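Before anything else, here's the structure in question.
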Amino acid sequence: MVRALSRRCSIQSWGSFRIRRTNHDDHDDDHDDDDHKQQQQLRTIDARNTNKPTEDQPPSIGEAPKEKPQSDMDQMKERFAKLLLGEDMSGGGKGVSSALALSNAVTNLAASIFGEQGKLAPMAPERKARWRKEMDWLLSVTDHIVEFVPSQQKSKDGTNMEIMVTKQRKDLLVNIPGLRKLDTLLIDTLDNFGQEQEFWYVSKNDDPENESSRREGKWWHPKVKVPPNGLSETSRRWLLSEKEAVSQVLKAAMAINASVLSEIEVPESYIDSLPKNGRSSLGDSVYKSITVEYFDPAQFLSSMDLSTEHKVLDLKNRIEASIIIWKRKMHHKEGKSSWGSAVSIEKRELFEERVETILHLLKYRFPGLPQSSLDISKIQDNKDIGHAILESYSRIIESLAFSILSRIEDVLHADSLAQSSSSNSDDDATRLSSAETPTLLDFMGWGIDPLKRSPIDMENLFKVDSDKKASKPPVSPTPRPPIPELSDN
């Protein structure tokens, strides 16, 4: 019985073992199937990852990490953060004023977009889009520069009352839209040169002709080329019309810039650096030329040495300094201030009017001059943000207009040279054809080229010939046969 019980227990244990083992084997098979499916899924994902690169994948060895392009919002944040810091990245408060920071931002943006316009060609779409976008950012500051103006408001009970409302400052309201229009006109002018033109540009290194250039100092500019006979009449007229349009833009930008600079106060640091009288600032020779009884501005400029840009700028600096000196003397009583003078107020006003006329002529005769010492001092010490934006925006438009105008004049100059060389070649051909035609002197054997002989040579030739005839021995005349008489028959 004991054996039977032990045998039954062993059978049960064996059966339970078999059941557990079978269940375990079934679970193992299920796990194997799951692992196989997971491996297939991983292989599929790996294959997709190899075909589609991800941004989270680390760069391989020796490959530089790719920088993500900044969004417009990030760029605007960075730009205005630099403006708020006053270009002082340390944050120590040693930066420039907000007005000067904005002025520098506009100037630097224009320098990076336009550079120095070396040829007449359209702007790249990327640069044009960047110019529009970032200038909109910088000019958006002017939308919040306001002033209080009176306005009428009607209350609920029907009575009218006067209140003060905010409105954009008048100078910004008038000049910002005008400057935007001038900006658009200049960019459209450059776009007009995108069509096929009759002129082209070559590098000076690739130019086979070693001719003297009009702009010896601008050696990095490409050289303009035109057809051998010059431009067509249609193209020449179109260039002249574009030149006239750009000239009007230049005059308008110069007028706005001069008006804004005149409204900025003269810094005390500039005044402290001036001499005590206008004669010391101008110099004896210039002062005597200005204070004569009969003054002619054009004759004065013709008598001055304006051969270089440095000399013109030096004369402009001296004239501006004398204007400031004489204006300050008018606001002080004579004899009670170190700025006093023995010159009467009437004469001082006359001299000031004369030098202002000269200054006006210099600005319009040399529009591409660098900024004078007075202008630089005003820009650096200016605290008005509106004036800073107007001055910098008008200045870069003036510079771009002058650059485009210079490039148009280069094309017209090359056209005039081609026309003159073509006309000279035609004249030479006409002279050669006329020289090949025999003349009476050729038949007489004198061998005189009428194109190369001067009247003095002709006179000497006749004199030598007469001397030769006089030196010959006299020859007795041979008797001529008598002329037969004609009969009436």
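Taking segment 152-176 only, how many residues are open to solvent by 70 Å² or more (accessible area, probe 1.4 Å) and part of a helix (DSSP H, G or I)?
The qualifying residues number 3.
Right, here's the next one. Determine which single condition Thr308 fails, assuming it passes every other condition in (1) exposed (fewer than 12 other Cβ atoms within 10 Å of the Cβ); (2) in contact with a Ser or Thr (Cβ under 6 Å, 6 or more places away or on another chain).
Result: Thr308 passes all but (2).
Right, next: Determine, yes or no, whether Ser97 is modelled with pLDDT of 80 or more, of a type in the set (Ser, Thr, Tyr) and out of contact with any Ser or Thr (no Cβ under 8 Å at 6 or more places or on another chain). Spell out the reasoning first.
On the way: modelled with pLDDT of 80 or more: yes; of a type in the set (Ser, Thr, Tyr): yes; out of contact with any Ser or Thr (no Cβ under 8 Å at 6 or more places or on another chain): yes.
Taking the combined requirement at face value, the residue satisfies it.
Moving on to the next point. Residue by residue through segment 362-399, note down the ones that are part of a helix (DSSP H, G or I), modelled with pLDDT of 90 or more and open to solvent by 60 Å² or more (accessible area, probe 1.4 Å).
Result: Ile376, Gln380, Asp381, Ser399.
Here's another thing I want to ask about it. Of everything in segment 252-272 that's open to solvent by 40 Å² or more (accessible area, probe 1.4 Å), in a helix (DSSP H, G or I) and in contact (Cβ under 8 Å) with a residue 12 or more places away in the chain, which residue is nearest to Gly178 (Cα to Cα)?
Across segment 252-272, the extreme among qualifying residues is Ala258.
Residue-by-condition table, conditions (1) out of contact with any Gly (no Cβ under 8 Å at 6 or more places or on another chain); (2) at pLDDT 85 or above:
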{"residue": "Trp131", "(1), (2)": "yes, yes"}
{"residue": "Met135", "(1), (2)": "yes, yes"}
{"residue": "Val141", "(1), (2)": "yes, yes"}
{"residue": "Asn210", "(1), (2)": "yes, no"}
{"residue": "Trp220", "(1), (2)": "no, no"}
{"residue": "Asn229", "(1), (2)": "yes, yes"}
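Search segment 167-178 for residues that are in contact (Cβ under 8 Å) with a residue 40 or more places away in the chain and pair each with any residue that is of a type outside the set (S, T, N, Q) and not in a helix (DSSP H, G or I) when their beta-carbon atoms are under 8 Å apart and the residues are at least 6 apart or on different chains.
Arg169/Ile145; Arg169/Val146; Arg169/Glu147; Leu172/Ile145
Further question on the same structure: Would you confirm whether any residue within segment 116-128 is part of a helix (DSSP H, G or I) and loosely packed, with under 12 Cβ neighbours inside 10 Å? Spell out the reasoning first.
Kept after step one, since they are part of a helix (DSSP H, G or I), are these residues of segment 116-128: 125-128.
From what is left, the residues that are loosely packed, with under 12 Cβ neighbours inside 10 Å are 125-126.
Checked against the condition, which is being part of a helix (DSSP H, G or I) and loosely packed, with under 12 Cβ neighbours inside 10 Å, segment 116-128 yields at least one hit.
Pull out all pairs, ordered by first then second residue, where Cβ-Cβ is under 6 Å, the residues are six or more apart or on different chains, the first lies in segment 278-305 and is exposed (fewer than 15 other Cβ atoms within 10 Å of the Cβ), and the second is among the charged types (D, E, K, R).
Asp305/Lys311
Ok, one more. Considering only residues that are free of Cβ contacts under 8 Å to residues at least 60 places away in the same chain and in a helix (DSSP H, G or I), look in segment 136-151 and name the one that is least open to solvent (accessible area, probe 1.4 Å). Full working, then the answer.
Step one: of segment 136-151, the residues free of Cβ contacts under 8 Å to residues at least 60 places away in the same chain are 136, 140, 143-144, 146-151.
Those left that are additionally in a helix (DSSP H, G or I): 136, 140, 143-144.
On the way: Asp136: 71, Ser140: 41, Asp143: 99, His144: 153 Å².
Filtering segment 136-151 for residues that are free of Cβ contacts under 8 Å to residues at least 60 places away in the same chain and in a helix (DSSP H, G or I), the one least open to solvent (accessible area, probe 1.4 Å) comes out as Ser140.
On to the next question. State whether the residues of segment 139-151 include one that is under 17 Å from the mean Cα position of the chain (by Cα) and not polar (S, T, N, Q). Steps first, please.
Of the residues in segment 139-151, the ones under 17 Å from the mean Cα position of the chain (by Cα) are none.
Within segment 139-151, none of the residues are under 17 Å from the mean Cα position of the chain (by Cα) and not polar (S, T, N, Q).
Tell me yes or no: at least one residue of segment 298-307 is farther than 17 Å from Asp375 by Cβ, out of contact with any strand residue (DSSP E or B) (no Cβ under 9 Å at 6 or more places or on another chain), of a type in the set (Ser, Thr, Tyr) and part of a loop (DSSP other than H, G, I, E, B). Full working, then the answer.
Initial filter on segment 298-307 (farther than 17 Å from Asp375 by Cβ): 298-307.
With out of contact with any strand residue (DSSP E or B) (no Cβ under 9 Å at 6 or more places or on another chain) added as a condition, the list becomes 298-307.
Among the residues that remain, those that are also of a type in the set (Ser, Thr, Tyr) are: 302-303, 307.
Retained after the next criterion (residues that are part of a loop (DSSP other than H, G, I, E, B)): 307.
Scanning segment 298-307, I find at least one residue that is farther than 17 Å from Asp375 by Cβ, out of contact with any strand residue (DSSP E or B) (no Cβ under 9 Å at 6 or more places or on another chain), of a type in the set (Ser, Thr, Tyr) and part of a loop (DSSP other than H, G, I, E, B), so the answer is yes.
The values are calculated or read from the model by the stated rules, or taken from the named source; none is laboratory data. Since the structure is predicted, the reported quantities are computational estimates derived from the model, not experimental observations. Positions of Cβ are generated from backbone atoms using ideal geometry, with glycine treated the same way; all protein chains shown enter the neighbour counts. Note: accessible area is taken over every heavy atom of the protein model, side chains too, but ligands, DNA and RNA are not part of it. Shrake-Rupley method; radii C 1.70, N 1.55, O 1.52, S 1.80 Å.
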